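The numbers here are math on the coordinates, done by the rules we state, and not lab data. Since this is a predicted model, take the numbers as computed values, not measurements. Here the Cβ is made from the backbone with ideal geometry for all residues, glycine too, and neighbour counts use every protein chain on show.
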Number of protein chains: 2
Amino acid sequence: MRLIASLLIFLGMTFTALAQTDAPEPDISSKTLDNGLRVVVIPDRRAPVVTHMIWYKVGGADDPVGKSGIAHFFEHMMFKETSNHKKGEFSGAVAEIGGQENAFTSSDYTAYYQKVAPSALPTMMRFEADRMRNLVLTDEQILPEREVILEERSSRVDTSPAAILSEFVSAAQYVNHPYGRPVIGWENEIRKLDREALTAFYDKWYQPWNAIVVVAGDVEPDAVFEMAANTYGKIVASTEPSERNWTSDPEPVVAKTLSYSDPRVTTPSWQRRFHAPSYMTAEQGEAEALDLLASILGGSVTSRIHKNIILENKLAVSAGAYYRGTSRADGFIGIYGSPRGDTELETLVAALDREVERLVSDGVSQEELDRARQAFIRSIIYSQDSQVALARIFGSVLSIGGTVEDFTQWPERLRSVTVEDVNEVARKYLKENRSVTSYLLPEQG
Amino acid sequence: MRLIASLLIFLGMTFTALAQTDAPEPDISSKTLDNGLRVVVIPDRRAPVVTHMIWYKVGGADDPVGKSGIAHFFEHMMFKETSNHKKGEFSGAVAEIGGQENAFTSSDYTAYYQKVAPSALPTMMRFEADRMRNLVLTDEQILPEREVILEERSSRVDTSPAAILSEFVSAAQYVNHPYGRPVIGWENEIRKLDREALTAFYDKWYQPWNAIVVVAGDVEPDAVFEMAANTYGKIVASTEPSERNWTSDPEPVVAKTLSYSDPRVTTPSWQRRFHAPSYMTAEQGEAEALDLLASILGGSVTSRIHKNIILENKLAVSAGAYYRGTSRADGFIGIYGSPRGDTELETLVAALDREVERLVSDGVSQEELDRARQAFIRSIIYSQDSQVALARIFGSVLSIGGTVEDFTQWPERLRSVTVEDVNEVARKYLKENRSVTSYLLPEQG
């Protein structure tokens, strides 16, 4: 599990030229409380600010079948009433001191955080510990929020042709794996989520043994551990730890193509995913090679796709490649493009196909590999510039079963990737029968 | 639920020219025992033979998630040891009197039957009632059978490129519905089926309230009801009735194409499915119109595809259309073809596409409708010629929630379908965004 570069891409970061030095390793402390809750402290003393995150090892992929959207539902419910606090009290306490807060749900995890002054940390922990077990899950609380979520789905998916298509692309890639279901949930299933389902899910997963608290900032680890013991440490788990039981996919052998036409589409676009392992499922070294492969093919302005297709032949307004390797189960290499001006989509697709074929048949050069590798290693330094991003990297790595060393030893593993390693994963994974291709098209005339 | 014509096609029957009279309605009797088991008697006195079938309202679509193949597993286990009979005793009793037996599993149901002399009926019922609740589900019984099933999967699926592709086609059509999973089970999931899973499934579904016994043959209804009361009637259900809870699909909006290349493929072939309701899910009259539509398009030697593509233009060695409407949940209209001689696959596909487009834009003629309708109505007479097929029709109709009248009143409903009804379902369902297209190709050179 060494997934930082992908994660940075995921976080929307770019690779700028930074000083070519190694990243200083953050001096991380970790402690597990008696009730199983893990506390991780990442010192970051550049400013008098602290990021307090709680990660639950549960996400959309843990939604019971027929109840998609339930993990994400909690991203809403956790801001509502608990038996000790009225709706909005926690958020009010954050806002009052000029703090920031947010929450996010992926297929793999659900996380909540606040960025506040260090003095507010004990208060944040009290509130956060409270909502872990004391949510008021009544119809009065749940039913209006369900409408809000349906509205959210409507505005995020139904208004976006790309989002509509994307849900079906995931379903096509993951035929028997829960990654095939949207994290926000299928509309017809959200409608049926009720008190009984939410209560069962909350009791199953929102427990101290399933949580990781990450604190990054201007704090002393021992003081944080003490605060955590006085707040989170008081929580008594009401259930035994549950296993995350996910179904798995058959080996991909069938090439799939999806096509969605919508009058709201103005410029057509094309994507192809090649099913590939993630940092968690890959054999040793493969994920690093996949990260570098995607980068060389289309991950930066010096990549082949950018140089040949965007700059030289001017076929695309956007085009590139990326590796989705930061998931607990298998991911993919994605390639995409949208034609420029009068270029036919098929011309662009043929050009992108040629780049993939050339990469598979001729391989990459040592110079390309070195350049891509250097960019990744630099990105590690950059990642530490944002406290929230830093906390997020550790939280996500740990919550999908990785270790602190997966982060700290990542540059080392990256350095050992050879040209042949990259060429081998290209041959192994960039195969048509592992692919899901999708066309997003204007409504046909 | 009026699905006979589709079912007959499903059963591999052909429509031959029969006397143009209405079918005599079979005089069916039905009785529900106190424990919830339903007994249906269909008199058929042409020969001294009786068909005894038991239908369980459980099939592959009821397999728990991650445990695909479990419903089908029982098709094997039911022939093994019970607490009262050794493995093979039941089959031996059937063979001894020159009887026939078999079993089958679909997504919707599991059924077992024997065709024997009427005098053997009480014995059949005793054996059948015994194995409903008295299977010996030990590792000793289960584990060797699991190997047999894996071998069966291997020989039925892995050796057949068309079967491999077909599993992925279903998965692509039914993105969130259990019809997307193969009835025999995904290989990795069959491997994990164990005593605990089988016992839970058996106790949940193999109960008198979930069974329908269909007896067709030279028997008196009252005598059959008495035999049933003395055998099946003695079974005490060990659980309360369970609901069949299936997840459902989002509205299909994305056209999908799958492509599978395999060196074992000699002649390429092509299929397209248009997602459509079944007799159980369609609005009044739509399923009848879909059946007639498929027949006109490509369901017989007088159909458009047969006349234009096979006979006149000689583009295909095989080509046609069919309606899969006999399922408890949504089905589809399927169109298929395999090119003849030097014909390019794309030429054939274009010709098939043109037939669909022409049907949607210009509609069908009264003459085409009348001819297709007449063939269906005749097929009902024909269906009663086979006792097993007759019993099978009623068993399948009842086990997916239909009624006896769905069979007996079917000709009447068929007669009321108009040209406009057919044209309307063509326009409504033969849409690209409802389709899953699949190419089965020889390995590319």
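Remark on region A:256-442: ratio of C-alpha radius of gyration to 2.2 N^0.38 Å is 1.06.
Reported to the nearest whole Å, the Cα centre-to-centre distance from region A:291-329 to region A:61-119 is 35.
Ascending distances from the A:T403 label point to its copies in the other chains, with the point 7 Å along the Cα-to-beta-carbon line: 6.7 nm.
Sort out for me the Cα centre separation of region A:396-432 from region B:149-169, rounded to whole Å. Centre-to-centre (Cα) distance: 34 Å.
Summarising the strand pairing of region A:256-442, around 75 percent of its internal DSSP beta bridges are antiparallel.
Under 5 Å between amide hydrogens, built in the peptide plane, is the criterion, and for A:L258 it picks out A:T437, A:S438, A:Y439, B:T257 among residues at least 5 positions away or on other chains.
With contacts taken as Cα pairs under 8 Å and at least 6 residues apart, region B:36-234 reaches a relative contact order of 44 percent. Based on the Stokes-Einstein relation at 20 °C and a viscosity of 1.002 mPa s, and on the Kirkwood radius from alpha carbon pairs, region A:299-375 is assigned a translational diffusion coefficient of 160 µm²/s. Along the positive direction of the dipole of the protein assembly as shown (beta-carbon charges: Lys, Arg +1; Asp, Glu -1; about the Cα centre), which of A:G59, A:L414, A:V356 reaches farthest? Ranked along the dipole, the leading option is A:V356. Relative contact order for chain B: 25 percent, from Cα pairs under 8 Å spaced at least 6 residues apart, divided by residue count. Less than 5 angstrom separates the built amide H of A:G217 from those of A:I42, A:D44, A:T51, all sequence-distant by 5 or more or on a different chain.
Note on A:V301 and A:A47: the model spin-label points, each 7 Å out from Cα along the C-beta direction, lie 2.6 nm apart. Our coupling estimate for region B:161-177, obtained by passing each phi through the Karplus curve with A = 6.51, B = -1.76, C = 1.60 and θ = phi - 60°, is x, 5, 5, 4, 4, 4, 4, 6, 5, 4, 4, 6, 6, 9, 5, 9, 10 Hz, Gly and Pro reported as x.
Could you tell me what percent of the DSSP beta bridges with both partners in region B:36-234 are antiparallel, to the nearest 5? The antiparallel fraction comes to roughly 80 percent.
For the protein assembly as shown, the Cα gyration tensor yields ellipsoid semi-axes of 54, 36, 24 Å (square root of five times each eigenvalue, largest first, whole Å). DSSP beta bridges confined to the protein assembly as shown are antiparallel in about 80 percent of cases. Pair-distance distribution of chain B: all C-alpha pairs, bin width 10 Å, starting at 0; shares per bin in whole percent are 4, 20, 28, 26, 16, 5, 0. Per-residue ellipticity at 222 nm from helix content only, as computed over chain B with -39500 (n - 2.57) for each DSSP H run of at least four residues, stands at -11500 deg cm²/dmol. Taking every alpha-carbon pair under 8 Å whose residues sit at least 6 apart, region A:275-417 reaches a relative contact order of 24 percent.
Mean-square fluctuations from a GNM of chain B, with a 10 angstrom spring cutoff on Cα atoms, peak among B:G320, B:G331, B:G98 at B:G98.
Here the Debye sum runs over all C-alpha atoms of region B:394-445 as equal scatterers in vacuum, and log10 of I(q)/I(0) at q = 0.15, 0.16, 0.25 Å⁻¹ comes out as -0.75, -0.79, -0.92. Taken along its three principal axes, the alpha carbon spread of region A:326-423 comes to 46, 29, 27 Å, from the longest extent down to the shortest. Put a dot 7 Å past the Cα of A:R195, heading toward its Cβ, do the same for A:A117, and the two dots end up 4.1 nm apart. Computed from the alpha carbon positions, the gyration tensor of region A:36-234 leads to an equivalent ellipsoid with semi-axes of 31, 18, 16 Å, biggest first. To the nearest ten degrees, helix B:286-298 and the longest principal axis of the Cα atoms of chain B are 60 degrees apart.
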